[in-house]
Amino acid sequence: MQDLTITLVQPEQLWEDVSGNIENYEQLLSTSNNSDLIILPELFQTGFTMNLELAEKMSGRSIQWLLDTSKKKNAAIYTSLIIEEGGDFFNRGVFIQPDGKINWYDKRKTFGLAREGDFFSSGTKEQIIAYKGWKLQLQICYDLRFPELVRNRIDEHGETAYDVILYVANWPAKRAPHWRSLLNARAIENQCYIAAVNRVGIDGNGFNYSGDSSLTDALGNTYPLTPCKQEIKSFVIKHKDLAEIREMLPFLKDR
């Protein structure tokens, strides 16, 4: 099974400025080549707003930009945005592949503290994507606080449900210790890699974000981006290393 190169993009998002954010991503990604998977933060082109006037269809401008960028970079992209469908609105994670295939995951745990559930409908289904021999579990921000959503398991054929959890977020700096601790816990308890992207800067509601984007391995070793700084960084993950950890420490089998 091939190694996987994951690129984490930690931007300073512009508030409700779709064009400005897309322009910033294009500049950041101009320095990135030879990646297999690019991860952008939650509500990537608006920031964490519940302004439903910014909602798009799955055929809209932002999805088209993601499709074009994925094809141009020959890399999959995972992020989320506000999607309207059948009169309902979702904080929808989209996994875009270079061949134009789109899988999506609707955020299951809406953020009660910000009344997100008053605006967005909750998703009901797990989404695990098979990509380049890896199994990727899609998650969004507040989902991180609920370990039951990503409880890893081994099926009757001895296969593990997934290898990597992808988290995209707008997670405020004042709760950054929670973010870091929970990411570490999810990686250890599920014996998986975690690729997590958060934003930096101050949003339109005055909340500050420190980023703390990172790659974490199944032993809980964390490889962070620079806090409070717009940055892009790539990591290579190896399935051989993951298999060795699971063999050495058979915690999933014991579950």
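The values are calculated or read from the model by the stated rules, or taken from the named source; none is laboratory data. No experiment lies behind these values; they were computed from the predicted model shown. Please note: Cβ atoms are built from the backbone with ideal geometry, for glycine as well, and neighbour counts cover all protein chains shown. Just the protein is used for accessible areas: all its heavy atoms, side chains included, with ligands, DNA and RNA removed. Shrake-Rupley method; radii C 1.70, N 1.55, O 1.52, S 1.80 Å.
Within straight-line reach of residue 240, meaning a Cα separation under 12 Å, sit the following aspartates and glutamates at least 8 residues removed in sequence or on another chain: 3, 163. Here the Karplus relation 6.51 cos²θ - 1.76 cosθ + 1.60, evaluated at θ = phi - 60°, turns the backbone of the range 42-59 into coupling constants of 4, 6, 4, 10, 9, x, 7, 10, 10, 6, 5, 5, 8, 5, 10, 7, 5, 9 Hz, with x for every Gly and Pro. Using only the Cα atoms of the range 96-223, each taken as one equal point scatterer with no solvent, compute I(q) by the Debye sum, divide by I(0), and report log10 of the ratio at q = 0.19 Å⁻¹. The Debye formula, applied to the Cα set alone, gives -1.16.
Quote to one decimal, in nm, the extra length available between residue 240 and residue 72 on full extension: 0.36 nm per residue of separation minus the C-alpha distance between them.
Details: separation 168, 0.36 × 168 = 60.48 nm, distance 2.93 nm.
The span from residue 240 to residue 72 would gain 57.6 nm if fully extended.
Whole-percent P(r), the range 162-255, all Cα pairs, 10 Å bins from 0: 17, 45, 26, 11, 2.
Probe of 1.4 angstrom, ligands and nucleic acids ignored: what's the accessible area per residue over the range 17-142, in square angstrom?
Values: 5240 Å² over 126 residues.
Accessible area per residue: 42 Å².
The heavy atoms of residue 61 present about 130 square angstrom of accessible area, all protein chains included, probe 1.4 Å. Estimated at the nearest 10 Å², the accessible area of residue 30 is 80 Å² with a 1.4 Å probe.
Measuring r between the beta carbons of residue 219 and residue 135 and using R0 = 25 Å, the FRET efficiency lands at 0.85. Note that the range 171-255 presents 48 Å² accessible area per residue, ligands and nucleic acids not counted, probe 1.4 Å. Computed over the alpha carbons of the range 24-108, Rg followed by Dmax gives 12.6, 39 Å. Charge dipole of the chain (Cα centre as origin; +1 on each Lys and Arg Cβ, -1 on each Asp and Glu Cβ, all else neutral): 380 debye, rounded to the nearest 20.
Between the amide H of residue 210 and those of 173, distances stay under 5 Å, these residues lying 5 or more places away or on another chain, with hydrogens modeled in the peptide plane. Helices in the chain, meaning DSSP H runs of at least 4 residues, each add -39500 (n - 2.57). Divided by all residues, the mean residue ellipticity at 222 nm is -6500 deg cm²/dmol.
Ordering 141-150, 231-240 by mean Cβ neighbour count within 10 Å, with the highest value first, yields 141-150, 231-240. Surface composition of the range 68-139: carbon plus sulfur atoms hold 47% of the accessible area, using a 1.4 angstrom probe and ignoring ligands, DNA and RNA.
Let me see the pair-distance distribution of the chain: every alpha carbon pair, 10 Å bin width, integer percents in order. Whole-percent P(r) values from 0 Å outward: 7, 34, 38, 17, 3, 0.
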